[in-house]
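Take a look at the structure set out below.
The numbers here are math on the coordinates, done by the rules we state, and not lab data. Small disclaimer: the values here were computed from a predicted structure and weren't measured. Note: ideal-geometry Cβ built from the backbone for every residue, glycine included; neighbour counts use all protein chains shown.
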Amino acid sequence: MEKVTKQLVLMLLVFVVVLTVLSCSGEPEKTALDFLILDSKRNPVDLAQYKGNVVLMVNTATECQLTPQFLGLQKLYDKYQQYGFIILGFPSNSFQQENRSDEEVQVFCSDNFLVNFPLFKKIEVKGPEQHEIYKFLTDPATNPDFPGEITWNFEKFIIGKKGKIVARLAPNVTPEDPELITAIEKALGQR
């Protein structure tokens, strides 16, 4: 009996060592900030530059009933930017409400809502042409806490300082909503 116990302990020890070696030798886990994205002028932007910040990623459209959220988003950006908060806007025509060109989106948002947070090249946020960043944000394998298809324009993801998705908020959650403000402040360490 003692010999069997020693063998089991030895096998367990070997198993733990193997698991430790495998977990240490693998590549670091990919985060929502490990992507290259094209900006509105088609220049590549490495999202890794935002690591260490709290990032709000939002799919946008300028011809949507929720378009006035741009004003509130800009106010959030102005209020929290000094604390390491950034908003990344991803214009999308996935819901047939963004027919402007990338340049026209920039001008529209700047002229009408004074937007100065980064807006990127139009992408698809759902469907067969879904951009890889939105595959990452919605796939249960990479986002087990907040998975699921994008339901509409202005769906919001909050990415914590280490690149982990820490919250997902529905399109109808406005920038002024206490739920969103609480999630941002919590991620910033202010709550």
Return the Rg/Rh ratio of the chain with Cα-based radii and a Kirkwood Rh. 1.14
Taking 136, 85 and counting other C-beta atoms within 10 Å, the order from fewest to most: 136, 85
Go through 54, 70, 108 and say which Cα lies farthest out towards the positive end of the charge dipole of region 36-188; charges sit on Cβ, +1 for Lys and Arg, -1 for Asp and Glu. 54
I need two numbers for region 77-149: Rg to one decimal and Dmax as a whole number, Cα atoms only, in Å. 14.3, 39
Let me have the relative contact order for region 36-188, percent, based on Cα pairs under 8 Å that are six or more residues apart. 28 percent
Label-point separation (nm) for residue 170 and residue 99, each offset 7 Å from Cα along Cα-to-Cβ? 2.9 nm
Among the GluC sites (Glu not before Pro) within region 133-185, which fall in a DSSP loop and have no more than 13 other Cβ atoms within 10 Å of their own Cβ? 149, 176
5 angstrom amide H check on residue 119, placed H, neighbours 5+ away: 89
Whole-Hz Karplus couplings 3J(HN,Hα) for region 94-104, θ = phi - 60° and coefficients 6.51, -1.76, 1.60, Gly and Pro as x, run 4, 10, 6, 10, 9, 9, 6, 6, 4, 5, 5
Taking the Cα centre of region 36-188 as origin, sum charge times position over the Cβ atoms of Lys and Arg (+1) and Asp and Glu (-1), and report the length of that vector in debye to the nearest 20. 500 debye
Length gained when the stretch residue 129-residue 63 is fully extended (0.36 nm per residue, less Cα-Cα span): 21.7 nm
